[in-house]
Amino acid sequence: MIFLHAARGTYDGTHSENRLTWDGYIEWSQLTHVREIVSLDYMLNEDLVQPDYDDAYDWEQIHVFGLMQTGLYTTREYVLRRMTQTDVFNVLTVVIEPNQECRNIEIEDYDFMGYDLVDQDFGNSALTNCGGFAETFQPDDLNDKGLFDSYNTAFDVKQRLLINNPNEFHADTNVIAIWRHRTIGRGSLL
C-alpha cells in the first residue's frame, strides 16, 4: 500500500469558515450524529497545500492517480512546507484503494479515522457531500467523522453505489483509508 499525505481544513461546529454553517449542513445532510467531517472532500475540508506547478520538485511530490491530481502528496514534510498557515487543520495520511483492513495499522502519532468514498475526480465525498444515497447506505452507517469504520462495508457500498446509481458521477468512487495526526494542526482542539 502507498501512504500519501494531505493537509485539509476542518469542518465541525466550531470551524466552518467560508462554507455552509454546521447547523445548516447537519440539517441538509441528516447526519445528526456526526461531530466533525474528516474527509478529502474539497468543499467540506479544503486542500491547504499550494504547490508551485512551475517547480519540478513540487511535481515529484504531487500524487497523480490515473490522469487526476488527487490533492495528495508523497511526504508529510512537503505538505507542511507548502500549506497555507492556519491554526487548526487536519494532517492526514491516506491510502487509496487499500488492499486490507486498515483500522489495526498503526502509524506513529496518527489515529485511524475510517474510510471515505471519494469520486474519481478526488473532489467530492459520496458519504458526506452528495445528499445521501438512501438506497445504498443510511446516515447512521457512518461514524462520528462521516466515514465508514469497516473495510468490508466501504468496499460493499462502493460497489452498490455504482450499481444503484449508474448515471451518477459521484457514485463512481475510490475507497480512501484515512488517519489523522494527533497533534500537528490540532491547535485549540487539544
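The values are calculated or read from the model by the stated rules, or taken from the named source; none is laboratory data. Computed from a predicted model, the values in this text were never measured in an experiment. No Cβ is skipped: glycine too gets one built from the backbone with ideal geometry, and neighbour counts run over all protein chains shown. For the accessible areas, the whole protein counts, side chains as well, though only heavy atoms, and no ligand, DNA or RNA atoms are used. Shrake-Rupley method; radii C 1.70, N 1.55, O 1.52, S 1.80 Å.
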Looking at PHE112, PHE122, which is the one that is under 21 Å from ARG35 (Cβ atoms) and either among the hydrophobic types (A, V, I, L, M, F, W, C) or touching a Pro at 6+ places or on another chain (Cβ under 6 Å) (or both)? PHE112
Quick test of your reading of the structure: GLY146 fulfils all but one of (1) under 12 Å from the mean Cα position of the chain (by Cα); (2) on the phi < 0 side of the Ramachandran plot. Name the failing condition by number. (2)
Of all residues in the range 135-177, how many are under 21 Å from TYR11 (Cβ atoms), hydrophobic (A, V, I, L, M, F, W, C) and assigned to a helix (DSSP H, G or I)? 1
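ASP116 - would you say it is assigned to a strand (DSSP E or B), of a type in the set (D, E, K, R) and either within 23 Å of GLY185 (Cα to Cα) or open to solvent by 50 Å² or more (accessible area, probe 1.4 Å) (or both)? Lay out the reasoning, then the answer.
Details: assigned to a strand (DSSP E or B): yes; of a type in the set (D, E, K, R): yes; either within 23 Å of GLY185 (Cα to Cα) or open to solvent by 50 Å² or more (accessible area, probe 1.4 Å) (or both): yes.
Judged against the criteria, ASP116 is a match.
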Cβ-Cβ below 6 Å, separation at least six or inter-chain, first residue in the range 98-116 and on the phi < 0 side of the Ramachandran plot, second among the polar types (S, T, N, Q) and crowded, with 18+ Cβ neighbours inside 10 Å: which pairs? ILE107/THR93; TYR110/THR93; ASP116/SER39; ASP116/SER125
Selection count, the range 84-101, where residues are of a type in the set (Ser, Thr, Tyr), open to solvent by 10 Å² or more (accessible area, probe 1.4 Å) and closer than 15 Å to LEU40 by Cα: 0
Among the residues of the range 121-140, the number that are open to solvent by less than 60 Å² (accessible area, probe 1.4 Å) and either closer than 21 Å to PHE65 by Cβ or among the small types (Gly, Ala, Ser) (or both) is 11
Answer yes or no as to whether ASP156 is open to solvent by 40 Å² or more (accessible area, probe 1.4 Å) and either of a type in the set (Phe, Trp, Tyr) or modelled with pLDDT of 95 or more (or both). yes
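Return the residues of the range 84-97 that are assigned to a loop (DSSP other than H, G, I, E, B), polar (S, T, N, Q) and touching a residue at least 24 places away in the same chain (Cβ under 8 Å); say none if nothing qualifies. Please lay out each step first, then the result.
Going through the range 84-97, the residues assigned to a loop (DSSP other than H, G, I, E, B) turn out to be 84-88, 97.
From what's left, polar (S, T, N, Q): 84-86.
Of everything in the range 84-97, those that are assigned to a loop (DSSP other than H, G, I, E, B), polar (S, T, N, Q) and touching a residue at least 24 places away in the same chain (Cβ under 8 Å) turn out to be THR84, THR86.
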